[in-house]
Amino acid sequence: MAGGDEKFLNHLGRYKSVDSISKAFKEARQAAASAGKPVTLTDKSTPEEVKAFREAYGIPEDAAAYPGDFRNDFKASEADTAILGEFKAAMHSKNVPPAAAAAALDWYQDFATAQQQELDGNMVKVAKETQGALRSEWGGEYDGNISAVQELMTTHLGKDGFGDMMEMRMMDGSRLQDHPGFVKMMAQIATDYYGSNAIFNGDIETTSKTIDEKIADYRKMQTDDPAKYRSPAVQEAVAALYAQKEKLDARKG
């Protein structure tokens, strides 16, 4: 079997039977066939095979040492930062090579950036449409209605609370303050709270002064033109002013 080769004869001498020589030959052929092929894992891979795979692809044993971070040009939110930790842990547990994980992270950053740009664009679009629709519907009462809403919400929520609520974003990227239904509801509540928006100037003291001035005009009418003052239309307007004044005095108290 050695064919006159002394070194090979010494090597064959290690085997005690023809079967052992056959087994060694088979294993050597399998090793030669596998040489140069990339290391792969399956569901049945042993811990030793997993370790060899990680060493071959530079995957650390500790998930905390797994490479990968956001690019400098990516504006990561708190949610993105939290996701990054989970992403690394998931990539490590699945034995994903760092280069492949980096490519996946690049995709996420590009996707998140494009999505945020789309949401911001929709925010601007909805804001413009809502303002235009409400100005058309309310006409000259638009500024008074908006001022009443701002005053009411700031009074109850505080300046910071009001700002937080106004910047609240919906799933489509638009802000709560730009939803017509919400604005109309708050305008109705605010004008019911303060009274007619026609004389609302965004400040309770100023509004009260304006009411007093209107009441003074009607008192002058009572002296100058008693018949007109006693007319149903004027009496209704005077009653509404006193009711509004009573409301505002209660708010200030």
If you rank 7, 228, 245 by how much accessible surface each has, with a 1.4 Å probe, what is the order from largest down? 7, 228, 245
Quick check: pseudo-label points 7 Å beyond the Cα along Cα→Cβ at residue 169 and residue 229, how many nm apart are they? 5.9
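On a 1.4 Å probe surface of the protein chains, which of 84, 41 comes out largest in accessible area, and what is the full order?
Working: 84 20, 41 55 Å².
Listed by decreasing accessible area, they come as 41, 84.
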To the nearest 10 Å², what's residue 48's accessible area with a 1.4 Å probe? 130
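Working from the pairwise distances between different alpha carbons, so that the mean of 1/r is found and then inverted, what is the range 121-251's Kirkwood radius in Å? Provide the component values of the computation, followed by the final result.
On the way: mean 1/r = 0.0606 Å⁻¹.
For the range 121-251, the Kirkwood estimate is 16.5 Å.
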Taking the Cα-to-Cβ direction at residue 95 and at residue 219 and moving 7 Å from each Cα, how far apart do the two end points lie in nm? 9.2
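Please tell me the relative contact order of the range 121-251 in percent, rounded to the nearest whole number, where contacts are Cα pairs under 8 Å and at least six residues apart. Don't jump to the answer; show the numbers that get you there.
Working: 107 pairs, mean separation 33.1, N = 131.
Computed value for the range 121-251: 25 percent relative contact order.
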When the accessible area of the range 121-251 is computed with all protein chains present and a 1.4 Å probe, what percentage of it is carbon and sulfur? 54
How much accessible area does residue 189 have with a 1.4 Å probe, in Å² rounded to the nearest 10? 80
If you count only protein heavy atoms and use a 1.4 Å probe, how large is the accessible surface of residue 182, to the nearest 10 Å²? 40
Compute the length gained on full extension between residue 7 and residue 192: take 0.36 nm times their separation in residues and subtract their Cα-Cα distance, giving the result in nm to one decimal. 55.9 nm
Roughly how many whole Å is it from the C-alpha centroid of the range 82-113 to that of the range 114-148? 38
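Which pairs break 32 Å Cα to Cα here: 75/128; 125/245; 16/51; 44/75; 125/214? It would help to have the intermediate numbers written out before the result.
Values: 75/128 26 Å; 125/245 39 Å; 16/51 34 Å; 44/75 41 Å; 125/214 41 Å.
Beyond 32 Å between Cα atoms: 125/245; 16/51; 44/75; 125/214.
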Between residue 79 and residue 119, what length comes free when the chain is fully extended (0.36 nm per residue of separation minus the Cα-Cα distance, one decimal in nm)? 12.8 nm
To the nearest Å², the heavy-atom accessible area per residue of the range 121-251 with 1.4 Å probe amounts to 60
From the protein chains alone at 1.4 Å, what is the descending order of accessible area for 141, 236, largest first? 236, 141
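The values are calculated or read from the model by the stated rules, or taken from the named source; none is laboratory data. Remember, it's a predicted structure, so these values are computed and weren't measured experimentally. No Cβ is skipped: glycine too gets one built from the backbone with ideal geometry, and neighbour counts run over all protein chains shown. The accessibility values were calculated without ligands, DNA or RNA, using every heavy atom of the protein model including side chains. Shrake-Rupley method; radii C 1.70, N 1.55, O 1.52, S 1.80 Å.
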